[in-house]
Structures are given as structure tokens and as C-alpha cells.
Amino acid sequence: MSTRIPLPHSHKIIELFRNPKNMGYMDDASVKAIAGSPACGDMIAIYLKIDDGKETVVRASFESYGCAANIATASILTEMIKGLSLEEAWNISWKNVSDELGGLPSIKYHCGILAVGALRRAIREYYKSREVKSKWLPEKLTREELQALGEERIVELMYKRMGSE
């Protein structure tokens, strides 16, 4: 008998876990980015098709390795950003994602942070790869970007240590 108590996921999280929207690799993506969390093993790859002239998100998709909340946050985020300008998409917070899902259990907040971190990485990469300056894009990394980066560095250090023993 299991001693684990199930997490109180909203109906929308369960629905998007079972039937995710926009899941899969995008062949003609303008840009892609990956963010991962070594704490739980979740990973999200996000793909964006961008209208270069308008700097808007035409299509978005994702691939996920993770729990129900990870899949649901990536799924809802891809729905939320379609048709938005890159600046509008950038300004979506993990709290906005959580609210769209009817709330995340506190132990799953990192899933929203991870999804937004992947999105912001993709947007930053879009501008970097095109050598186009944006007036609104912050020069410094955001908390979501820093968290994803920090967690990835921890994993790299762990693998290096394991390999050196």
C-alpha cells in the first residue's frame, strides 16, 4: 500500500496532461529552447514559429519529459502565446500560467517557472540569432532564466563529479 498522497491537480491540469495541445517537434521553427530541472528531472523544449516582420508568435509547440504539471504548463503556455507579440509573450509570468490552469500545487510551481524560462530563452535566442536589438528585452537574465540556468549547472557539476570518480 502506498503512503503517498495524490496532489490536488485542477481539472484543467488533468485534461491537458491527458490531451496536451501543441505537443511535438516543429520542423520549421524560427527558434527553439530547452529548459530542465535537475531537482525533479523535468525538461521542456519549446518551439516558436515567428512572423519576422511583426515579431509575433504564429505557432508554438513543445516537447516535455516530466510530470502532469510539467506537460500542462507547457501546453497551456503554447496556447496563451499564439498571436502575441514577442514582448507580450515575454511578459507572461509563471503565475499567469498557474492561474490559466486553475492553480498549481505549491510543490509544482517550478513547472510554471520552467515553462516560462524555456519561452524566455527562446525569445532571447530569437533576437540573438538575428542580431536584432529589442528596445524592451532586458539585458540581464530574468529569475526564470537564472533558475533554469542554475539548475542545469548543478546537473553538469554532478555529472562531472560522477565521471571523475
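For Arg4, which of the numbered conditions (1) of a type in the set (Lys, Arg); (2) at pLDDT 90 or above; (3) not in a helix (DSSP H, G or I) fails to hold?
Among (1) of a type in the set (Lys, Arg); (2) at pLDDT 90 or above; (3) not in a helix (DSSP H, G or I), the lone unmet condition for Arg4 is (2).
Select from the range 62-85 the residues that are surrounded by fewer than 24 Cβ atoms within 10 Å (Cβ to Cβ), of a type outside the set (D, E, K, R) and outside any helix (DSSP H, G or I) and list them in ascending order.
Across the range 62-85, the qualifying residues are Ser64, Tyr65, Gly66, Cys67, Gly83, Leu84, Ser85.
Condition (residue is in contact (Cβ under 8 Å) with a residue 12 or more places away in the chain, within 21 Å of Lys108 (Cα to Cα) and of a type outside the set (A, V, I, L, M)) applied to the range 29-37: is it met by at least one residue?
The answer is yes, given that some residue of the range 29-37 is in contact (Cβ under 8 Å) with a residue 12 or more places away in the chain, within 21 Å of Lys108 (Cα to Cα) and of a type outside the set (A, V, I, L, M).
Within the range 71-112, how many residues turn out to be β-branched (Val, Ile, Thr) and either farther than 15 Å from Ile44 by Cβ or out of contact with any Cys (no Cβ under 9 Å at 6 or more places or on another chain) (or both)?
5
Could you tell me whether any residue of the range 46-59 is among the aromatic types (Phe, Trp, Tyr), touching a strand residue (DSSP E or B) at 6+ places or on another chain (Cβ under 7 Å) and not in a loop (DSSP other than H, G, I, E, B)?
Yes, the range 46-59 contains at least one residue that is among the aromatic types (Phe, Trp, Tyr), touching a strand residue (DSSP E or B) at 6+ places or on another chain (Cβ under 7 Å) and not in a loop (DSSP other than H, G, I, E, B).
Go through the range 18-53 and give me each residue that's buried (at least 19 other Cβ atoms within 10 Å of the Cβ), over 14 Å from Arg121 (Cα atoms) and modelled with pLDDT under 95.
Ser37, Asp42
Every residue, every condition in (1) under 22 Å from Ser30 (Cα atoms); (2) of a type in the set (A, V, I, L, M), yes or no:
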| site | (1), (2) |
| --- | --- |
| Glu79 | yes, no |
| Gly103 | no, no |
| Ile107 | no, yes |
| Gly117 | yes, no |
| Ala122 | yes, yes |
| Tyr126 | yes, no |
| Ser129 | yes, no |
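Looking at the range 119-135 only, could you name the residues that are in a helix (DSSP H, G or I) and either over 11 Å from the mean Cα position of the chain (by Cα) or surrounded by fewer than 14 Cβ atoms within 10 Å (Cβ to Cβ) (or both)?
Result: Ile123, Arg124, Glu125, Tyr126, Tyr127, Lys128, Ser129, Arg130.
The values are calculated or read from the model by the stated rules, or taken from the named source; none is laboratory data. Just so we're clear, the structure is a prediction, and the values are computed from it rather than from any experiment. Please note: Cβ atoms are built from the backbone with ideal geometry, for glycine as well, and neighbour counts cover all protein chains shown.
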